[in-house]
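Here the structure comes first, spelled out in structure tokens, and everything after it is commentary.
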Ligand code: SF4
């Protein structure tokens with residue numbers, strides 16, 4: 001069982017906060033698709049007979065800039081080179097400003113069965129601040145069209161902790177999101193990443209980030225509203241209706257093997273827990289395509305992970321998401337944190353940050369609020 005991620009590195013315009021690898025010039029699209037297909041078939045020679053692929057995720061960038069015939073070429077290459085499960089989850093990230101009914105219907109008929117819309121906000125002033133290419137109305141239309149095209153598994157990405165954001169503004173966006181009864185909502189706090197236009201605005205004191213206390217209040221409000229509207233929290237930023245967690249993201253958090261194709265894409269593979277490797281591709285479309293054209297690997301970074309590295313990640317990823325089976329951790333990694341960190345865990349349980357059931361620990365709502373600090377203490 002494994003996962004495949006494909007990085008489609010094109011956007012119409014770059015959002016001010018974004019540090020994902022993407023470019024605004026689309027002239028290289030044909031050569032990129034050719035290179036991507038070559039990377040898929042080359043990788044398949046090593047990995048295709050090892051595991052059945054359970055999830056495929058088109059991320060970016062803006063994968064919904066791909067025309068259906070371009071997407072079909074890539075999917076055909078995946079299906080010809082790998083064993084894909086009949087029940088696979090196939091997700092495509094879509095920017096609401098780039099879709100219409102015809103395109104969405106074509107995506108659905110190609111086997112895409114989950115769409116993730118980068119909505120971020122339904123307030124137009126916030127969308128302008130974030131330099132998104134769509135309005136709130138265009139986001140509403142795109143979600144309705146996706147339903148019309150037959151998608152019954154939709155995610156909406158939202159962003160909070162925007163400068164000067166109030167509870168009222170967030171409430172408006174959340175209520176709009178709930179009105180579409182989507183199966184999944186992700187809500188991310190705005191992070192000011194280095195090397196972004198937003199970073200410069202903050203450095204030059206043109207924009208002031210929201211104070212930490214206000215960020216916590218907004219997050220707390222989100223947790224309450226999600227719960228009131230029937231969403232389960234299964235990761236710090238991810239909420240779903242029962243049964244609709246993102247299988248792809250959950251695989252990342254479970255240490256499932258995954259292969260990433262495209263510039264800047266990351267991969268992780270372990271043959272056993274003693275022999276694990278992570279690698280990533282060049283974050284440059286020209287270098288990526290040239291290397292593949294010249295039969296050179298497009299990998300720019302490769303690291304080997306020890307059992308200790310893996311156990312640290314297991315704890316970190318497990319606590320941020322649905323929890324940790326302490327017996328499993330002990331069996332696989334020879335790490336018994338229920339003994340090593342007994343006092344701290346008991347303390348967190350008493351203060352209602354952590355729950356312990358049958359040797360399985362998970363964060364409570366109060367625990368998710370201070371997740372990073374709990375992880376730091378336990379590590
Ligand atoms: S559309 Fe997405 S990937 Fe593209 S710049 Fe905006 S946030 Fe980044």
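Results for (1) in a loop (DSSP other than H, G, I, E, B); (2) under 21 Å from the mean Cα position of the chain (by Cα); (3) more than 30 Å from residue 178 (Cα to Cα), shown as yes or no for each residue.
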residue	(1), (2), (3)
209	yes, no, no
219	no, yes, no
251	no, yes, no
264	yes, yes, yes
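Of all residues in segment 18-77, those satisfying the criterion of being within 16 Å of the ligand (Cβ to nearest atom) and under 19 Å from residue 88 (Cβ atoms) are 57, 58, 59, 63, 66.
For residue 315, the test of being assigned to a helix (DSSP H, G or I), in contact with a helix residue (DSSP H, G or I) (Cβ under 6 Å, 6 or more places away or on another chain) and within 21 Å of residue 252 (Cα to Cα) is failed. Meeting the requirement of 1 or more residues that are more than 17 Å from residue 311 (Cα to Cα), the helices (runs of 4 or more DSSP H) wholly within segment 323-379 are 342-350, 365-369, 371-378.
Considering the conditions (1) farther than 18 Å from residue 2 by Cβ; (2) in contact with a strand residue (DSSP E or B) (Cβ under 9 Å, 6 or more places away or on another chain), residue 311 is excluded by exactly one of them, (2).
Taking helices (runs of 4 or more DSSP H) as the structural unit, those lying wholly within segment 103-185 and holding at least 3 residues that are within 16 Å of the ligand (Cβ to nearest atom), under 29 Å from residue 73 (Cβ atoms) and touching a helix residue (DSSP H, G or I) at 6+ places or on another chain (Cβ under 6 Å) correspond to 136-148. The residues in segment 16-32 that are under 20 Å from residue 73 (Cα atoms) and surrounded by fewer than 19 Cβ atoms within 10 Å (Cβ to Cβ) can be counted, and the count is 6.
Residue count for segment 267-281 under the criterion of being part of a strand (DSSP E or B) and farther than 12 Å from residue 255 by Cα: the result is 4. You will find that of 371, 289, the residue that is over 30 Å from residue 223 (Cβ atoms) and in contact (Cβ under 8 Å) with a residue 60 or more places away in the chain is 289 and no other. Quick check on residue 191: is it in the same structural domain as residue 238 (by TED's automatic domain parsing) and part of a loop (DSSP other than H, G, I, E, B)? So residue 191 passes the test. If the condition is being buried (at least 17 other Cβ atoms within 10 Å of the Cβ) and within 16 Å of the ligand (Cβ to nearest atom), then segment 3-15 contributes 5, 6, 7, 8, 9, 10, 11, 15.
Conditions tested, residue by residue: (1) assigned by TED's automatic domain parsing to the domain that holds residue 180; (2) at pLDDT 95 or above; (3) more than 30 Å from residue 172 (Cα to Cα); (4) surrounded by 16 or more Cβ atoms within 10 Å (Cβ to Cβ).
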position: 61; (1), (2), (3), (4): yes, yes, no, yes
position: 71; (1), (2), (3), (4): yes, yes, yes, yes
position: 83; (1), (2), (3), (4): yes, yes, yes, no
position: 98; (1), (2), (3), (4): yes, yes, no, yes
position: 114; (1), (2), (3), (4): yes, yes, no, yes
position: 128; (1), (2), (3), (4): yes, yes, no, no
position: 138; (1), (2), (3), (4): yes, yes, no, yes
position: 142; (1), (2), (3), (4): yes, yes, no, yes
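The values are calculated or read from the model by the stated rules, or taken from the named source; none is laboratory data. Given the structure is predicted, the values throughout are model-derived calculations rather than measurements. No Cβ is skipped: glycine too gets one built from the backbone with ideal geometry, and neighbour counts run over all protein chains shown.
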